[in-house]
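Colleague: Sharing a structure below in structure tokens format, with a few things to ask.
The values are calculated or read from the model by the stated rules, or taken from the named source; none is laboratory data. Quantities reported herein were computed from a predicted structural model and do not represent experimental measurements. Every residue, glycine among them, receives a Cβ derived from its backbone with ideal geometry; neighbour counts consider all protein chains shown. In case anyone asks, the SASA skips ligands and DNA or RNA and just uses the protein heavy atoms, side chains included. Shrake-Rupley method; radii C 1.70, N 1.55, O 1.52, S 1.80 Å.
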Amino acid sequence: MSMLEVKDLEVNYGMIKAIKGVSFHVEAGEIVALIGANGAGKTTILHTISGLIPAAAGSIVFEGNDVRRIPGYKLTGLGMAHVPEGRRVFAEMTVLQNLRLGAYTRKDSAETEETLEMIYQHFPRLKERRSQLAGTLSGGEQQMLAMGRALMSKPTMILMDEPSMGLSPLLVKEVFSIIEFCHSQGITILLVEQNARMALNIADRAYVLEVGKISMEGKANELLESEAIKKAYLGG
Amino acid sequence: MLDFLNTFISGISLGSIYAIIALGYTMVYGIAKMLNFAHGDVIMVGGYLVYTGMISWGFNPLLAILFAMVGCTILGILTERIAYKPLRGATSNLAVLITAIGMSYFLQNISLQIFTANPKSFTSVVKWEGISLADGQLKIQGVTIITILTGAVILLALQLFINKTKAGQAMLAVSEDKGAATLMGIDVNKTISLTFAIGSGLAAIAGALLCSAYPVLTPYTGAMPGIKAFVAAVLGGIGSIPGAMIGGLLLGVAESLSKRFISTQLADAIVFTILIIVLLVRPTGLMGRKLQEKV
């Protein structure tokens, strides 16, 4: 059984059909990329999987749980974390308070402290700035905080929404190495990116989304070589 | 000088009551993003519950206040569930605002029905006479001292609760970003319920103190203090807990001093003038923070 199975998903925004029957699956241990242009519906799909917006039709099953029947806040406890587009850190709370909120659903405080130490080790900047308000961090630091916050819930799967958006090329590289680090910890990743080249470079498989529908799918390295993909998403 | 000091102290006491009410306004606004105009009337209900407990059932004052707190907490949670929650996510914030005004009249009318329009004379919940300083020239009433202390304790307890407990942190998270809070695994609806519960419980305390200081209780008792506390919350920066406290104290002192030294009739006008001037200079209120968004 797949870790995440999305079947014939439809999502409406008012009268507009944003997602028109999308099916895909993510296996445990994979990095799966969802690429596509602005407005193709990538973020909408992630928000629906997290229960932030309701689906109009279709099914979403995460680790055997019917996501459409579970209130969104319960998914975190089931092992799903979500690094949202635009980071959405709690700007008026400190870095440490943000990280602790990431562990909101966890009971064992000793284990939580271990995770916090692990995160501090991999993100020394967050440790340095732990008592600073998250709103005062730079964009790149906020992205790291959002990722650290997701790791604090000890997830089995992370949904990452445009983690490279608005960052300098150097920081983009750093962010992608963090994604690979998460993956090395055994976490399954569903990655939404406009930066198709970077995404395809680290992904196992990928789906290409075009105006609410999947237009292509396959192994990431094969898609990298595909002429159509090169032309549309990789700049030549 | 002693006259001034006396007036000032009673202003701090009145201000503490405003502040306790303003805390309810500001917390509900910060977390549910709505103005609960029925909040003032919860104070009145609290007053009647204390009255019923003390006078009709012979409870001791502390037990009567506890009874009123439980009653108001339940009232707050029910109001939110029945009247406000179904409108959450409605396209217009006006819908919930008007519902809150309707809820305010509803509570007043229900109280009219149950307790009639005849004013009840309230017995102070504080039996202590107070202290007398400077050879008896400066008398501070027990209820004044207790009110000020209660305000301070509530502020401290609330700050501790918000900053040190998981539920308090969840409240902060919900007040900033409901979606992101949901992603952390926080039940937003439960957090909003809790906020209404705390605000209404505090309103019961405010009701007991208000009626002890101004011992006439009618179904309209909560209306004016409710508005004043709302002004205090805006003055301090709505959404900010220390802001509500400072706004409340400032308003109480300004009102007492105006009444004593300028004009009783003009006191409210002066209070609102202060609000307008502060908002002209600092539109977000004294402690209100300007939100900067980073893209």
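Colleague: Could you name the lysines in cross-link range of residue A:219, using Cα to Cα under 17 Å and dropping any fewer than eight places away on the same chain?
Modeller: A:230
Colleague: Right, next: So what's the back-of-envelope 222 nm ellipticity for chain A, counting only DSSP H runs of four-plus at -39500 (n - 2.57) apiece and dividing by all residues, rounded to 500?
Modeller: Numbers: 9 runs with 84 residues, N = 236.
Computed ellipticity for chain A at 222 nm equals -10000 deg cm²/dmol.
Colleague: Follow-up question, since we're still on this one. What is the range B:2-281's relative contact order, in percent, from Cα pairs under 8 angstrom and six or more apart in sequence?
Modeller: On the way: 463 pairs, mean separation 108.9, N = 280.
Reported as a whole number, the value is 39 percent.
Colleague: Where the centroid of each part is defined by its Cα atoms, how far is the range A:19-80 from the range B:191-255 in Å?
Modeller: Computed from Cα coordinates, the inter-centre distance equals 44 Å.
Colleague: Return the tail of the calculated pair distribution for the protein assembly as shown, meaning the percent of Cα-Cα pairs more than 45 Å apart.
Modeller: That fraction is 28 percent.
Colleague: A further question on this structure: Under 10 Å, Cα contacts only: if you run a Gaussian network model on chain A, which one of A:153, A:23, A:168 comes out with the highest mean-square fluctuation?
Modeller: Among A:153, A:23, A:168, the largest GNM mean-square fluctuation belongs to A:168.
Colleague: A further question on this structure: Efficiency by 1/(1 + (r/R0)^6): what FRET value for residue A:228 and residue B:78, r their Cβ-Cβ distance, R0 = 60 Å, to the nearest 0.05?
Modeller: Efficiency at R0 = 60 Å is approximately 0.50.
Colleague: Something else: Could you point to the residue in A:145, B:204, B:188 farthest towards the positive end of the protein assembly as shown's charge dipole, with +1 and -1 charges on the Cβ of Lys/Arg and Asp/Glu respectively?
Modeller: The residue sitting most towards the positive pole is B:204.
Colleague: Averaged over its residues, how many other protein chain Cβ atoms are within 10 Å of peptide A:84-92's Cβ atoms?
Modeller: Working: counts 4, 0, 4, 3, 6, 4, 10, 7, 7.
Average per residue, whole number: 5.
Colleague: Another question, if that's okay. Quick one: go through the range B:128-146 and flag any residue whose amide nitrogen is under 16 Å from the point 7 Å out along the Cα-to-Cβ line of residue B:2.
Modeller: The answer is B:131-141, whose backbone nitrogens lie closer than 16 Å to the label point.
Colleague: Assuming a ≥ b ≥ c are the square roots of the Cα gyration tensor eigenvalues, decide whether the range B:2-281 counts as rounded (a/c under 1.5), prolate (otherwise, with a/b larger than b/c) or oblate.
Modeller: Note, shape of the range B:2-281 comes out prolate.
Colleague: On to the next question. Per DSSP H run of at least 4 residues, take -39500 (n - 2.57); add these up for chain B, divide by its residues and hand me the 222 nm value, nearest 500 deg cm²/dmol. Walk me through the numbers on the way to the answer.
Modeller: Working: 11 runs with 198 residues, N = 295.
Helix-only estimate at 222 nm: -22500 deg cm²/dmol.
Colleague: For residue B:259, list the aspartates and glutamates whose Cα falls under 13 Å from its own Cα; do not include residues on the same chain fewer than 8 positions away.
Modeller: Hits, sequence-local ones excluded: B:3, B:268.
Colleague: For residue B:145 and residue B:95, FRET efficiency with R0 = 51 Å and r from the beta-carbon atoms, rounded to 0.05?
Modeller: The pair residue B:95/residue B:145 has a calculated efficiency of 0.70.
Colleague: A further question on this structure: Across the residues of B:173-182, average count of Cβ atoms on other protein chains within 10 Å? Intermediate values should be presented prior to the final figure.
Modeller: On the way: counts 7, 1, 2, 8, 5, 1, 8, 12, 5, 10.
Other-chain Cβ atoms within 10 Å of each residue's Cβ, averaged: 6.
Colleague: Moving to a separate point now. Which one, B:280, B:230, B:213, is farthest towards the positive end of the dipole of the range B:190-295 when Lys and Arg carry +1 and Asp and Glu -1 on their Cβ?
Modeller: Farthest towards the positive end: B:280.
Colleague: Going by Cα centres, the range B:73-96 and the range A:164-188 are how many Å apart?
Modeller: Rounded to whole Å, the Cα centres lie 42 Å apart.
Colleague: Fully extended, how many nm does the chain gain between residue B:117 and residue B:56 (0.36 nm per residue separation, minus their Cα-Cα distance)? Walk me through the intermediate numbers first.
Modeller: Numbers: separation 61, 0.36 × 61 = 21.96 nm, distance 1.76 nm.
Going from the current span to full extension adds 20.2 nm.
Colleague: Quick check on the range B:34-190: take the gyration tensor over C-alpha atoms, sort the square-rooted eigenvalues as a ≥ b ≥ c, and tell me if it's rounded (a/c under 1.5), prolate or oblate.
Modeller: Verdict is oblate for the range B:34-190.
Colleague: Moving on. Could you please state how large a percent of the accessible area of chain B is carbon and sulfur, counting protein chains only and using a 1.4 Å probe? Write out the running numbers ahead of the final one.
Modeller: Details: 9260 of 13590 Å².
Here carbon and sulfur together make up 68 percent of the probe-accessible area.
Colleague: Return the lysines within reach of residue A:127: Cα separation strictly under 30 angstrom, same-chain partners fewer than 8 residues apart disregarded; answer none if there are no such residues.
Modeller: List returned: A:74, A:107, A:154, A:173, B:164, B:166, B:178, B:290, B:294.
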